[in-house]
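**Q** Structure below; questions to follow.
The values are calculated or read from the model by the stated rules, or taken from the named source; none is laboratory data. For clarity, every value in this text was computed on a predicted model and none was experimentally measured. Glycine also receives a Cβ, built like all others from the backbone with ideal geometry; neighbour counts cover every protein chain displayed. Just the protein is used for accessible areas: all its heavy atoms, side chains included, with ligands, DNA and RNA removed. Shrake-Rupley method; radii C 1.70, N 1.55, O 1.52, S 1.80 Å.
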Amino acid sequence: MSQDIREIRKDIDRIDTSIASLFEERMHLMDSVREYKITNGLPVLDSEREEQVLAECADRIVDPELRPYFVRLQEKIMELGRDRQNQLEAENHIDI
């Protein structure tokens, strides 16, 4: 017997709430990464590190059919992190 759609959606909502919380936590950590990079004169993009992260992320997914989707999700999350870092850098260079 299949699960009721309302129960499935409740489970999805619960998971989405967890994802939102983890996303916020990750983005705040990216702020700290950006501060470190600014202090140490490092660029926002570290291609080697991103490749390493993507490889590790792929290994975390058990279902091989879902791996490429998770890698795409992680790529998007890292892109958003770079966007945020670039925004913070731009805000720090504004003369008032």
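**Q** Give the distance, in whole Å, between the Cα centre of region 1-34 and the Cα centre of region 51-67.
**A** Value for the Cα centre distance between the two parts: 19 Å.
**Q** When ligands, DNA and RNA are left out and all protein chains stay put, how many square angstrom of accessible area per residue does region 1-70 have with a 1.4 Å probe? Walk me through the intermediate numbers first.
**A** Values: 5920 Å² over 70 residues.
Ligands and nucleic acids excluded, the result is 85 Å² per residue.
**Q** Mind pulling the angle between the C-alpha long axis of helix 47-60 and the longest principal axis of the chain? Nearest 10 degrees, somewhere in 0 to 90.
**A** Long axis of 47-60 versus the principal axis of the chain: about 20 degrees.
**Q** Sort 75-83, 60-68 by the packing proxy (mean of other Cβ within 10 Å over each peptide's residues), most packed first.
**A** Working: 75-83: 14.8, 60-68: 10.0.
So the peptides 75-83, 60-68, ranked by packing, come out 75-83, 60-68.
**Q** Let me ask something additional. Residue by residue through region 77-85, what is 3J(HN,Hα) from phi via Karplus (6.51 cos²θ - 1.76 cosθ + 1.60, θ = phi - 60°)? Round to whole Hz and write x for glycine and proline.
**A** For region 77-85, the Karplus-derived couplings read 4, 5, 4, 5, x, 5, 4, 5, 4 Hz, x marking Gly and Pro.
**Q** Considering only protein heavy atoms and a 1.4 Å probe, what is the carbon-and-sulfur percentage of the accessible area of the chain? Walk me through the numbers before you get to the answer.
**A** Values: 4350 of 7900 Å².
Here carbon and sulfur together make up 55 percent of the probe-accessible area.
**Q** How far apart, in nm, are two points set 7 Å out from the Cα along the Cα-to-Cβ line at residue 73 and at residue 47?
**A** Once both label points are built, they end up 2.7 nm from each other.
**Q** What FRET efficiency do you get for residue 90 and residue 19 if R0 is 30 Å and r is their Cβ-Cβ distance, rounded to the nearest 0.05?
**A** Working: r = 27 Å, r/R0 = 0.91.
Between residue 90 and residue 19 the formula returns 0.65.
**Q** Taking K and R as +1 and D and E as -1, what net charge do the other residues with C-beta under 12 Å from the C-beta of residue 46 add up to? Intermediate results must be reported in sequence, preceding the final value.
**A** On the way: positive: 34, 37, 49, 82; negative: 48, 50, 51.
Overall, the nearby charge balance is +1.
**Q** So what's the back-of-envelope 222 nm ellipticity for the chain, counting only DSSP H runs of four-plus at -39500 (n - 2.57) apiece and dividing by all residues, rounded to 500? All intermediate terms of the calculation are to be shown ahead of the outcome.
**A** Values: 3 runs with 75 residues, N = 96.
Value at 222 nm, helices only: -27500 deg cm²/dmol.
**Q** Tell me the accessible surface of residue 38 in square angstrom (1.4 angstrom probe, heavy atoms of protein chains only), to the nearest ten.
**A** Its accessible surface works out to 80 Å², give or take rounding.
**Q** Another one. Please work out whether the chain counts as rounded, prolate or oblate from its C-alpha gyration tensor, where a ≥ b ≥ c are the square roots of the eigenvalues and a/c under 1.5 means rounded, while otherwise a/b larger than b/c means prolate and anything else oblate?
**A** Details: a/c = 3.66, a/b = 1.81, b/c = 2.02.
Since a/c reaches 1.5 but b/c is at least a/b, the shape of the chain is classed as oblate.
**Q** Taking θ as phi - 60°, what are the ³J(HN,Hα) couplings along region 2-18 by the Karplus curve (6.51, -1.76, 1.60), each to the nearest whole Hz, with x for Gly and Pro?
**A** 7, 6, 5, 4, 5, 5, 4, 5, 4, 5, 5, 4, 4, 5, 4, 5, 5
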